[in-house]
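Student: Below is one structure. I have some questions about it.
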Amino acid sequence: MSNEYACKKCNRLITTKSCSLCQGAQASKNWKGIAVILNSTKSNIAKKLKIESNGAYALRVR
């Protein structure tokens with residue numbers, strides 16, 4: 001996971017510097033924690049983090 005970025009807008013983990021989910025142009029390599037959401041409609045964690053789509057997300061992005 002050393003070559004992964006986190007989108008500063010939606011916190012999704014990505015491999016490029018631009019997020020395809022939210023079209024965010026800013027990405028950071030400075031992130032901590034990971035949450036993998038498999039079913040965003042039924043997940044209580046996804047609701048608490050305000051995540052609407054499945055995928056891997058950083059818990060903190062700087």
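Student: Can you compute the helix-only [θ] at 222 nm over the chain? Use -39500 (n - 2.57) per DSSP H run of at least 4 residues, normalise by all residues, nearest 500 deg cm²/dmol.
Tutor: -2000 deg cm²/dmol
Student: Using a Cα-Cα cut-off of under 20 Å, which lysines could be cross-linked to Lys48, ignoring same-chain neighbours fewer than 8 residues away?
Tutor: Straight-line reach from Lys48, under 20 Å: Lys8, Lys9, Lys32.
Student: Collect residues whose amide H, placed 1.01 Å from N in the peptide plane, falls under 5 Å from the amide H of Asn54; neighbours closer than 5 in sequence don't count.
Tutor: Here the answer is Ser40, since their amide H atoms fall under 5 Å of that of Asn54.
Student: On to the next question. Translational D (Stokes-Einstein, µm²/s) of the chain at 10 °C and 1.306 mPa s when Rh comes from the Kirkwood sum over C-alpha pairs?
Tutor: Translational diffusion coefficient: 138 µm²/s.
Student: Can you list the residues, at least 5 places off or on another chain, whose amide H is less than 5 Å from the amide H of Ile14, using H built in the peptide plane?
Tutor: Excluding prolines and chain starts, which carry no amide H, the hits are Tyr5, Ala6, Cys7.
Student: Further question: Taking H placed 1.01 Å from N in the peptide plane, check which residues at least 5 places from Ile34 or on another chain put their amide H under 5 Å from its amide H.
Tutor: Long-range HN contacts for Ile34: Leu59.
Student: Convert each backbone phi in the stretch 28-35 into a coupling constant with the Karplus relation 6.51 cos²θ - 1.76 cosθ + 1.60 (shift: θ = phi - 60°), then list the ³J(HN,Hα) values in order as whole Hz, x for Gly and Pro.
Tutor: Calculated HN-Hα couplings, in order: 10, 8, 9, 9, 9, x, 9, 10 Hz.
Student: While we're looking at this one, here's another question. How much net charge surrounds Thr15 when only other residues with a Cβ under 13 Å from its Cβ are counted (Lys, Arg +1; Asp, Glu -1)?
Tutor: +2
Student: Contour minus end-to-end for Cys22 and Glu4, with contour as 0.36 nm per residue of separation and end-to-end as the Cα-Cα distance?
Tutor: Extra length available between Cys22 and Glu4 comes to 4.8 nm.
Quick note: the coordinates plus some simple rules give every number you see, no bench work behind them. Just so it is clear, the structure is predicted and the values come from calculations on it, not from any experiment. Cβ atoms come from the backbone with ideal geometry, glycine included; neighbour counts cover every protein chain shown.
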